[in-house]
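Worksheet: the structure to be examined is printed underneath.
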């Protein structure tokens, strides 16, 4: 049994950091079954309003927790994530549950094995609670998920279910993916930390492919330390993945939590600054003003505006190739927006695709020069607060440059906008220097005093909200 009765814990289990849950389970202060039961109760309470989950099997999750408890009792080796419940975006393969890509075209699809990331998480002791909702084939057409802070608003996309599940306390961490803005934007809208590592840091085998040059997995979490903890368990080269890298990922959790001198930060508005809502721009500039001489304001060359067209061509070209067979056999079951993107991609010539790739390479070199003196570039995560659900999943433009060039990025829930809705502050690191980015993000989270946007009034996600 747990050393603490559930009623005597210092905080509700679903509100504790993943790091604390893992520590308590590893030393026997908490049972994995106790932790999983707590999150399942939270899901039962909130899921009717939030709709974050594409697939759940509570009995399967509890069986996995029982096995974890038995392993600890038997003295078996225990991983860093022992007993930790996680959500997995429904485009990431899981051998023991469906992976349907958010579309009826793949209804009932059952992979034969886990994606590499999921296998690594399980090896570290994590327990997959279920599959979180994604947009249709992870493109712009949103699923049913609502924003836990205001059910009338979108959680963003395409990692909508993962962001909403963490924000509502239904999972301590969840996996997402980003091909433009699908981690950073929903994390900003839902008021959680969203971490998109450097391109190649996390292997992509077993994940639905849109674009081999752009697809980047990542993590939704409550704070920087939790995101770093989960990232560390998944990093490292993979034999069948030539694009994976071996960057400075070791010690990410230590980097997130350790005290140290202030990092060198630079604030950039960027070429898309005027697309942000006035409220978001004011909030960001006020935030930068509060940092004073701890941050330097620099200009971003106008040529970075080319990132929008370059990413669009590369992404649409990739989507058209990746979904060619689905389009030929079941195009009538696809949304109008997905059909439009596929046709747009089919129209991209090889010369235009090559030109877009060359533009990407030029911008990477320009960014390397611009960011060389700083541990992180600071900017907005999204154009503003989450729009109304009927208006779509929101604009990803504040992620476009960083996704295109493969730079690591993380959003922190530090600002608020209309009716207290969250606005994220995005930090972007030097390409391959995730250690430096996480150190800067952890430092900023601490010194600013994270203005937590987790729900204090749980009625916002209560049933029938």
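The values are calculated or read from the model by the stated rules, or taken from the named source; none is laboratory data. As the structure is a prediction and not an experimental result, all values here were calculated from the model. All Cβ positions, even for glycine, are placed from backbone atoms using ideal geometry, and neighbour counts span all protein chains on display.
Some notes on this structure:
- Residue within segment 412-432 that is under 17 Å from the mean Cα position of the chain (by Cα), surrounded by fewer than 24 Cβ atoms within 10 Å (Cβ to Cβ) and either assigned to a helix (DSSP H, G or I) or modelled with pLDDT under 95 (or both) present: no
- In segment 159-179, the residues that are closer than 18 Å to residue 423 by Cα and either out of contact with any strand residue (DSSP E or B) (no Cβ under 7 Å at 6 or more places or on another chain) or in a loop (DSSP other than H, G, I, E, B) (or both): 159, 160, 167, 168
- Residues that are more than 15 Å from residue 68 (Cβ to Cβ), modelled with pLDDT of 95 or more and assigned to a loop (DSSP other than H, G, I, E, B), drawn from segment 1-34: 16, 17
- Taking segment 109-124 as the range and being assigned to a helix (DSSP H, G or I), under 20 Å from the mean Cα position of the chain (by Cα) and over 13 Å from residue 207 (Cα atoms) as the test, the residues that pass are 120, 121, 122.
- Selection status of residue 95, modelled with pLDDT of 95 or more, farther than 30 Å from residue 336 by Cβ and outside any loop (DSSP other than H, G, I, E, B): no
- Counted residues, segment 321-354 - those being closer than 19 Å to residue 404 by Cβ and touching a helix residue (DSSP H, G or I) at 6+ places or on another chain (Cβ under 8 Å): 7
- Taken over segment 297-321, the residue count meeting the criterion of being surrounded by fewer than 20 Cβ atoms within 10 Å (Cβ to Cβ), in contact (Cβ under 8 Å) with a residue 60 or more places away in the chain and not in a loop (DSSP other than H, G, I, E, B) is 2.
- Here residue 338 passes the criteria (1) loosely packed, with under 14 Cβ neighbours inside 10 Å; (2) out of contact with any strand residue (DSSP E or B) (no Cβ under 8 Å at 6 or more places or on another chain) except the one numbered (1).
- Residue 207 being under 19 Å from residue 428 (Cα atoms) and at pLDDT 95 or above: no
- Residue 391 meets all of the listed conditions (1) at pLDDT below 95; (2) surrounded by fewer than 21 Cβ atoms within 10 Å (Cβ to Cβ) but one, namely (1).
- Any chance residue 81 is at pLDDT 95 or above, in a loop (DSSP other than H, G, I, E, B) and out of contact with any strand residue (DSSP E or B) (no Cβ under 8 Å at 6 or more places or on another chain): yes
- Hits in segment 188-207 (condition: farther than 23 Å from residue 436 by Cβ and surrounded by 24 or more Cβ atoms within 10 Å (Cβ to Cβ)): 189, 190, 191
- Hey, residue 92 in contact (Cβ under 8 Å) with a residue 60 or more places away in the chain and touching a strand residue (DSSP E or B) at 6+ places or on another chain (Cβ under 8 Å) or not: yes
- Checked against (1) within 23 Å of the chain's Cα centre (by Cα); (2) surrounded by fewer than 20 Cβ atoms within 10 Å (Cβ to Cβ); (3) under 30 Å from residue 153 (Cα atoms), residue 46 passes all but a single condition, namely (2).
- The condition (being in contact (Cβ under 8 Å) with a residue 40 or more places away in the chain, under 29 Å from residue 344 (Cα atoms) and not in a loop (DSSP other than H, G, I, E, B)) is satisfied by just one residue among 198, 211, 141, 188: 188.
- Residue 384 being assigned to a loop (DSSP other than H, G, I, E, B) and at pLDDT 95 or above: yes
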